[in-house]
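The structure under discussion appears below in the form of structure tokens.
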Amino acid sequence: FIISSYALYSYTGSSLAFDSKVSKKVTTKVNVVNGTVGAFADRIMTNNTIKEEIPNFKIGEPPTSGSNTGSGLYKTEDDQGESYYFRGAVENNYVKFAEMLWRIVRINGDGTIRLILNDKIDTGSKFNNYTAQNDVHAGKYTGYTYDNTNNCTRDNPCEVTYNNGEFSNEKFGGTNSDIKTTLETWYKGNLKDENEKVAQGYFCNDTSSPNYAYNPSSTYVAYGAMERVGTQSQPSLECPEPKDQNGNIRPYGGIYKTKIGLITADEMNMAGLSWNQPYADETNYLYHKYVWWSLSPRFSNTSTSMFDGSYANIGSNYIASRTDAVVPVINLKADVQVTGEGTSTNPYKIVGTENINTKEGDYKQEQTFKVYENEGYIYEKVTCTNGTNASYDKNTKTLTIKNQTKDTECRVIFNETLKHGIIANNTIKDQTPDFSKGEPAEDGSTTTGSGIYKAEDDQGTSYYFRGDRNELNNNVEFAGKKWKILRINGDETIRLILSEKIETDSKFNNYTYSGRAQHDKVGFTIGNTKHQCTHDNPCEVIYNNSEFFNEEFGGQNSDIKTVLENWYKENLKDVNEKIAQGCFCNDVSYGSGNEDVTTSGYLYYGAYDRVVNQKKPSLECPDPKDKNGSIREYGGIYKTKIGLITADELNMAGLPQKTEQNIAKTNYLHHDDYWWWSLSPGSSHDHAYVFGSAHGAIGYYSYTYATTAVLPVINLSANILISTGNGSESDPFIIK
């Protein structure tokens, strides 16, 4: 992976203008760095006339007799936007991909391209195997997954990730259907080498109930596609929530975001297969001489009924436990480019730099080009020769060139995001490490190995670094200083920790010993009088200019907070716009012990329970609640520009508890010659203790009034760009 490399794509167009003296020809050339000029969808749109009318979906296209609205490319809406679907006897929707022939079903609303294999795969499959034909709970077997612990809704679709050759669905639980296993096994065997070109597409396993009561009984359930396709002949590409007739979300089926699936009954209907006669004839592009599964349930009672493709029509008599043919569906990414015309003899083929498009227009006429960034890159600028005016609309992906009077070359530049560079230059692991041991261990052994691991934080899925600095590319040069990447946060901001301590050693919080419990001295702020720092209402600390950090929640700054903010103003004020308001966890939630502040009551905090007792660190920050559930007026959840690492983050990075097996000195957070503060309280009684790091391990017995080193932590904005580097110690990422 070379950050500075780029692919070059060009349009070369010419046009004529006439005046009283001379005709003039103008050439336009568009070069794109880290992107493409034009994409698959553009070529499809260019090669077809868009039909505006709504077809008669009761009749097949083309019907065995008579006429309908005609074959071609139609438009409608899906859940992502405007979609264009093929219908009927089309002969220009062939695609050669992964050495197999596919047909284009539609351009999705997000610009991805939905393909269906032109023939069945080798293995026929049951949709879901079950033996009890009189099972009153048979409805769940219409699910692509069933017994889901989290529901598959539009706001939170069930995402099935594909990493390192394996599919995983740990986010929503559930049991895989037989058909899902068949499809994923086939994908791993046939498309793994082309995985980067396949999008995480949306698939609709519609287990919603219709608006009407269709012969309701204690066991009978009708599903949404039965109303749309089977009764109303009004198919839709918008997928309903998997709600029953009472509005409750079903724990089976719904909306999935994954690499492979099946066509829906709605898509078959829109493609020209009808549920009632007259059926389509054999020239319909979905015609097959066998019966094949769709993803759409029809109904269930003590068994199940699924819609399917049956020769040139939509069938509906097959129960989920019967064996039927399987025709996979995938979605190609929006930025893929192609050659070819889409015919059976000259199908579209996915290509790279050899793809050059041309277009013509009149002299001085406004010209537009569709320009797409490569995945992991964002728009920076466009420049043109001869003073030609050009602009780029990031939302519509449109480059507009105006009033061109001379031969002109325009250059559109996309730059790589730091997140993309991180993922591209490191190995992502799916396992959960053994947090009781260091990584790598002092004896040279490993637990689950060095790399990037993933876990949930309060914003989403986070990717964190763990282990040996020699195996990790997590080095950044920013603001003239060297940093280590701790993790990609769930909101896609990037968390950095300074590679070396700042000049000033600091107390966490100074106090005078009184023999009484000093619980609040572990707070990043103390006495938060206006509002407490909770998950729903974090204490926001705003940096307005080079002089002040302001907060509106009251409270007294800890010594460590003042030290960090002073250092920020002296060292990072000129790059403030590139630093995000990150979430920092000063976790003072109750772990165990005595809450009494009138004595030397011994109180343990949440991080102590997770890191020391359970060996299960977490990136999710609890609310600062005491034993009785009341919110404390110190510590909690902060949203600010600068903070410290947590004990959980130290543990996840490969540092074990001090009493456990120590790490080798090659761990990327190992500092052998000093202690340094974390933001995580350990315990408090007549003294207050905060976790820190000492000689390659986590210590939890630092008095807050002790003088200890400080390693600042910041969060770079999600759209931060790389100018060069691969993240290694010798070639760190340089932030643009």
note = Output ordering of 445-451, 160-166 (per-residue mean of other Cβ within 10 Å, highest first) is 445-451, 160-166
remark   = Residue by residue through region 599-607, the couplings from Karplus 6.51 cos²θ - 1.76 cosθ + 1.60 with θ = phi - 60°, in Hz, x for Gly and Pro, are 10, 8, x, 8, 10, 9, 9, x, 5
note = For region 309-315, Karplus-derived ³J(HN,Hα) couplings (6.51, -1.76, 1.60; θ = phi - 60°; whole Hz; x for glycine and proline) come out as x, 9, 6, 10, 8, 9, x
message = Report the Cα centroid-to-centroid distance between region 660-736 and region 143-206 in angstrom, as an integer.
response = 37 Å
query = According to the square roots a ≥ b ≥ c of the eigenvalues of the Cα gyration tensor, what is the shape class of region 628-736, taking rounded for a/c under 1.5, prolate for a/b larger than b/c otherwise, and oblate for the remainder?
reply = oblate
request  = Figure the gain on full extension for Asp119 and Thr283 (residue separation times 0.36 nm, minus the Cα-Cα span) and round it to one decimal in nm.
outcome  = 57.6 nm
ask   = The list (i) 28.8, 95; (ii) 33.9, 124; (iii) 30.2, 100 gives values of Rg and Dmax of the Cα atoms in Å, and only one came from this structure; which label was calculated from it?
value = (iii)
message = Please list 3J(HN,Hα) in residue order for region 528-545, calculated via the Karplus relation 6.51 cos²θ - 1.76 cosθ + 1.60 where θ = phi - 60°; whole Hz, with x for glycine and proline.
response = 6, 8, 7, 7, 7, 8, 10, 4, 6, 9, x, 6, 8, 10, 9, 9, 8, 7
ask   = What is the helix-to-structure angle for 178-190, meaning the angle in degrees between its Cα long axis and the longest Cα principal axis of the chain, kept from 0 to 90 and rounded to the nearest 10?
value = 90 degrees
remark   = Of the listed pairs Lys481/Lys578; Lys397/Lys578; Lys484/Lys641, those with alpha carbons more than 21 Å apart are Lys397/Lys578
query = In the neighborhood of Ala709, defined by Cβ-to-Cβ distances under 14 Å, what is the net charge if each Lys or Arg adds +1 and each Asp or Glu adds -1?
reply = -4
Surface per residue (accessible, 1.4 Å probe) for the chain, Å² = 41 Å²
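Tell me, Kirkwood radius of region 553-696 from alpha-carbon pair distances, in Å?
Answer for region 553-696: a Kirkwood hydrodynamic radius of 16.5 Å.
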message = Take the residue pairs Lys429/Lys665; Lys75/Lys197; Lys58/Lys188; Lys188/Lys454; Lys482/Lys530; Lys197/Lys736 and return only those whose Cα atoms are more than 31 Å apart.
response = Lys58/Lys188; Lys482/Lys530
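Hey, any idea what % of region 559-630's accessible area is carbon plus sulfur with a 1.4 Å probe?
C and S atoms contribute 41 percent here.
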message = At 1.4 Å probe size, with the rest of the protein present, what percent of the exposed accessible area of region 393-440 is carbon and sulfur atoms?
response = 41 percent
In degrees, nearest ten, helix 559-571 long axis to first principal axis of the chain (Cα) = 60 degrees
Environment charge of Trp676, counting only residues whose C-beta is closer than 12 Å and scoring Lys/Arg +1, Asp/Glu -1 = -3
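The values are calculated or read from the model by the stated rules, or taken from the named source; none is laboratory data. What you are looking at is a predicted structure, and each value in this text was computed from that prediction instead of being measured. Positions of Cβ are generated from backbone atoms using ideal geometry, with glycine treated the same way; all protein chains shown enter the neighbour counts. Ligands, DNA and RNA are excluded from the accessible area calculation, which covers all protein heavy atoms including side chains. Shrake-Rupley method; radii C 1.70, N 1.55, O 1.52, S 1.80 Å.
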